[in-house]
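Asks: Handing you a structure now.
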Amino acid sequence: MEVKIKSNEGMVDATIEMVDGVMVVSPKEVKFEPKDGDVITCTNSVCSYTLILKKVECNIAYSYAVLLDNRCLKTGDWSSYKNPRPATEEEKQKLFKALADEGYAWDAENKQLVKLKWKPKIFETYYAPACYFTSFKPCKYEQTRTDNDNSRYDKGWVFKTEQECQEFCNRLNEAINSVKP
C-alpha cells in the first residue's frame with residue numbers, strides 16, 4: 001500500500017507491507033536533486049564544502065558562493081560534485097557569515113549576491129560629511145555607536161576613506177550650489 005508519512009523534511013512517500021504479521025513502513029528513497037539557489041553541502045574524500053548552487057554540468061557544480069575550509073569564495077567551480085545534500089542550518093549560517101565578512105549577502109529572491117554597505121567596527125575610523133559654513137567637507141570620526149554615528153550610517157553618509165567622502169561632499173556641494181535663490 002502507498003502512503004505519505006510525516007518526517008523532518010515534510011511529507012514523504014512510503015510503502016506499507018505485512019511481513020510475518022508485522023506491519024513494515026518503508027520510506028521511498030528519493031534522490032536529492034538540488035536546484036538553482038539551493039544551499040547545499042558536498043563531500044569528497046578530501047573535504048566538504050557548502051555552496052549556493054547555480055547549476056550542475058558534467059559533474060561540476062557552478063556556484064554563486066562557496067565556503068571551503070572556512071574561506072568564502074564569491075564564486076567557484078568545483079570538479080568534484082559528490083554526495084550533495086541540503087546544508088544544515090549551522091552550515092548555512094557559516095556560509096552567510098563568511099559572505100558578510102567579505103561584504104556580501106545572499107538575495108535568495110533574485111538569486112544574486114548583494115554588496116553590503118560598509119559599516120565601521122567599534123572604535124574604527126570613518127569619514128562623514130560635515131557642514132562648514134556654506135559647504136560640506138570630509139570629517140574624521142571614530143565609531144562609538146552613538147546616535148550621531150548611527151544617524152550618519154542610516155543616511156548613507158559613512159565612508160571608509162577620505163577620498164570617497166570627498167567625492168560625496170563634492171556632489172552635495174554641487175547640489176546646494178545649483179539651487180538659485
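Rule-based calculations on the coordinates, nothing more; no lab input. As the structure is a prediction and not an experimental result, all values here were calculated from the model. We place every Cβ from the backbone using ideal geometry, glycine too, and count neighbours over all the protein chains shown.
Asks: Once the piece of chain linking LYS74 and GLU89 is laid out straight, how much longer is it, given 0.36 nm per residue of separation minus the C-alpha distance between them?
Replies: 3.4 nm
Asks: Which helices of the chain meet both criteria: a Cα extent of 24 Å or more along the helical axis and a mean Kyte-Doolittle score no lower than -1.0, with helices taken as whole DSSP H segments?
Replies: Within the chain not a single helix satisfies the rule.
Asks: When only DSSP loop residues count, what trypsin sites (Lys or Arg not before Pro) in region 23-67 have their Cβ near at most 12 other Cβ atoms within 10 Å?
Replies: LYS28, LYS31, LYS35
Asks: Now, a different point. Which three extents, in angstrom, do the Cα atoms of region 125-177 have along their principal axes, listed largest first?
Replies: 32, 20, 17
Asks: Quick one: what does P(r) look like for region 39-115 with 10 Å bins over all Cα pairs, in whole %?
Replies: Percent of Cα pairs in each bin: 21, 58, 21, 1.
Asks: For the chain, what is the convex hull volume of the alpha-carbon atoms per residue, in Å³?
Replies: Convex hull volume per residue, Cα atoms: 224 Å³.
Asks: Looking at the chain, identify the longest residue range that excludes and avoids all chymotrypsin sites (Phe, Trp or Tyr not before Pro) in DSSP loops having at most 14 other Cβ atoms within 10 Å.
Replies: 33-117
Asks: Ok, one more. For LYS94, which lysines qualify as cross-link partners when the Cα separation must be under 27 Å and same-chain residues fewer than eight apart are set aside?
Replies: Counting by Cα, and skipping residues close in sequence, LYS94 has these lysines nearby: LYS31, LYS35, LYS54, LYS55, LYS74, LYS82, LYS111, LYS115, LYS117, LYS119, LYS121, LYS160.
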